[in-house]
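The values are calculated or read from the model by the stated rules, or taken from the named source; none is laboratory data. Quick caveat, the model's predicted, so the values are computed rather than measured. In this analysis, Cβ positions are derived from the backbone assuming ideal geometry, glycine residues included, and neighbour counts consider all displayed protein chains. Heavy atoms of the whole protein, side chains included, go into the accessibility calculation; ligands, DNA and RNA do not. Shrake-Rupley method; radii C 1.70, N 1.55, O 1.52, S 1.80 Å.
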Amino acid sequence: MKNKTFNTKALLVATLVSVLMIVFVFLGSRQLQNFDAALVTYLFGTIFAFFGIVYRYTVWLQRPPTWMYFKRSLKFLFTGKVFSHLWFLGKESVQNIAIQKFIYPRGKYRWIAHFCIAIGCLSAFAITFPLTFGWIHFTLAPNSISVYEAHFFGFKVMDFELGSIMAFLTFHALNWSSYLVIIGSVYYLRRRLTNPGLIATQTFEGDLLPLILLIAISVTGLCLTYSYQFMKGFAFDFLAVIHAVTVIMFLIWIPFGKFFHIIQRPAQIGAHIYKQEGIKKGMAVCPHTGEEFATKLHIDDLKIVTKQLGFDFTHEDGTSHLDLSPEGKRSRLAQAHLKARVGGGNLFG
C-alpha cells in the first residue's frame with residue numbers, strides 16, 4: 001500500500017478556509033466593485049499562500065504535543081480568570097510580537113534589527129492584504145479634486161486633503177515599512193555573511209533566501225515610488241513586474257520556508273499561559289533528587305502524549321520514568337550501567 005503524500009483533513013480544512021477567504025474578498029469589495037484588477041496576480045499569490053499556511057498549520061496542530069499545548073491553552077484562556085488571561089494575552093502579544101522582547105537578551109543590535117523586520121512586515125501585511133482584497137480603497141470626494149476619501153468594506157472612514165500630512169503618511173505608508181525591513185534585513189544578511197559560526201551551519205534556502213526576498217521586495221517597492229515621483233514613470237512597468245515577481249515568490253515561500261515561524265509565533269503565547277497555569281496547579285518533585293523540576297501538569301500531559309506516540313514509560317509498580325527530572329534520569333542510567341558492569345564482573349571493560 002502506498003503512503004499518502006498529503007493529509008486529507010488538512011487538505012479539506014485548507015480548501016474550506018480558502019473558499020471562505022474568496023467569499024470574503026467578493027463581499028468585502030462590494031461584489032468586486034472596489035477590487036483593483038491590476039492586483040489580481042497578488043490576489044492569486046495570497047490565496048495560494050493562505051492555502052499553504054492553513055494546510056501546514058493544520059498538519060502541525062495534528063501532532064500530539066502541539067495539539068496538547070493548543071487544546072490546554074484554549075481551555076485555560078476561556079475558563080477561570082478569563083479577563084486575567086486576556087490581559088496576559090494582550091501584554092504578551094505587545095511584548096513578544098510587536099516589541100519582540102524575546103530577542104533582546106541575545107543582543108541590543110539583534111533586537112533592533114528583528115524589531116525593524118517585524119514591524120515592517122506586520123505593517124506591510126496590514127496595508128497590502130486589505131488593498132489586494134478590495135477591502136480598502138480611495139476615491140475623490142464628490143465635487144472635489146483635492147479631497148480623498150478612504151473606504152473600508154465600502155464604508156467611508158475618513159477623508160483628507162491632497163498635499164496634507166495625512167495624505168503624505170497614508171500614501172507613503174508602505175515606504176516606511178520598506179525602510180524598516182531593509183534596515184533589519186541588511187543587518188542580519190551582513191551577520192550571516194561574516195559570522196564564521198553561522199556560515200558553517202546556515203543554508204541558502206533556509207537562511208539567506210528569506211533575507212534576500214525581503215530586501216528585494218522592499219527595494220523594488222521603493223523603486224516604484226521613485227519612478228513615478230522623481231523619474232516621470234521611467235521603467236515603471238518593468239519595476240512593477242519585478243516587484244510582483246518578488247512579492248509572489250515571498251508569498252509562495254511563506255508556508256514552506258522559514259517565514260512560517262511568523263504564523264507559529266502567536267502559539268508561543270498560549271504555551272506561556274499553559275506554563276503559568278501549570279505553576280499554579282503545583283510542581284512535580286523528582287523521586288530521586290527530591291527537587292522540583294517541572295509543573296505536574298506538564299509531566300501528566302507528557303505521559304499522555306508519549307503513549308499516543310507509542311511509548312509507554314510506566315513501570316510495573318505504577319510509577320513512570322517520566323516522573324524523574326533530567327538529573328534523576330541521568331543518575332538512574334548511571335546506576336543501571338554500574339549494576340550491569342558489576343554483574344558482568346568487569347567495571348572498566
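Filter region 65-82 down to the residues that are open to solvent by less than 50 Å² (accessible area, probe 1.4 Å) and closer than 15 Å to Ala267 by Cα, then identify the one that is nearest to the chain's Cα centre (by Cα). Steps first, please.
We begin by selecting, within region 65-82, every residue open to solvent by less than 50 Å² (accessible area, probe 1.4 Å); these are 66, 68, 73, 76-77, 82.
Imposing the further condition that a residue be closer than 15 Å to Ala267 by Cα reduces the set to 66, 68, 73, 76-77.
Details: Thr66: 15, Met68: 19, Ser73: 17, Phe76: 22, Leu77: 20 Å.
If we take residues in region 65-82 being open to solvent by less than 50 Å² (accessible area, probe 1.4 Å) and closer than 15 Å to Ala267 by Cα, then Thr66 is nearest to the chain's Cα centre (by Cα).
If I filter region 109-144 down to residues being among the hydroxyl-bearing types (Ser, Thr, Tyr) and touching a residue at least 24 places away in the same chain (Cβ under 8 Å), which single residue comes out as most open to solvent (accessible area, probe 1.4 Å)?
Tyr109
For region 258-347, which fully contained helices (runs of 4 or more DSSP H) count at least 3 residues that are surrounded by fewer than 15 Cβ atoms within 10 Å (Cβ to Cβ) and either under 27 Å from the mean Cα position of the chain (by Cα) or among the hydrophobic types (A, V, I, L, M, F, W, C) (or both)?
Qualifying helices (runs of 4 or more DSSP H): 260-281, 326-344.
Return the only residue of Ile212, Ile254, Ile248, Ile242 being in contact with a helix residue (DSSP H, G or I) (Cβ under 6 Å, 6 or more places away or on another chain), at pLDDT 85 or above, under 30 Å from Phe44 (Cβ atoms) and open to solvent by 50 Å² or more (accessible area, probe 1.4 Å).
Exactly one residue qualifies, and that residue is Ile242.
Would you say Ile199 is within 30 Å of Arg56 (Cα to Cα), open to solvent by 70 Å² or more (accessible area, probe 1.4 Å) and at pLDDT 90 or above?
Yes; evaluated as a whole, the condition is true for this residue.
As an exercise: evaluate Ser178 against (1) over 20 Å from Arg110 (Cα atoms); (2) in contact with a Leu (Cβ under 9 Å, 6 or more places away or on another chain); (3) small (Gly, Ala, Ser) and give the number of the one condition it does not meet.
So Ser178 meets the others, but not (1).
For region 96-116, check the following and say yes or no: at least one residue is on the phi > 0 side of the Ramachandran plot and among the small types (Gly, Ala, Ser).
Looking only at region 96-116, we keep the residues that are on the phi > 0 side of the Ramachandran plot, and these are 100, 107.
From what's left, among the small types (Gly, Ala, Ser): 107.
Checking region 96-116: at least one residue is on the phi > 0 side of the Ramachandran plot and among the small types (Gly, Ala, Ser).
Exactly one condition in (1) modelled with pLDDT under 85; (2) more than 30 Å from Gln308 (Cα to Cα) is false for Phe78; which is it?
(2)
Counting only residues that are open to solvent by 70 Å² or more (accessible area, probe 1.4 Å), closer than 13 Å to Trp135 by Cβ and part of a helix (DSSP H, G or I), how many does region 23-48 have?
Qualifying residue count, region 23-48: 3.
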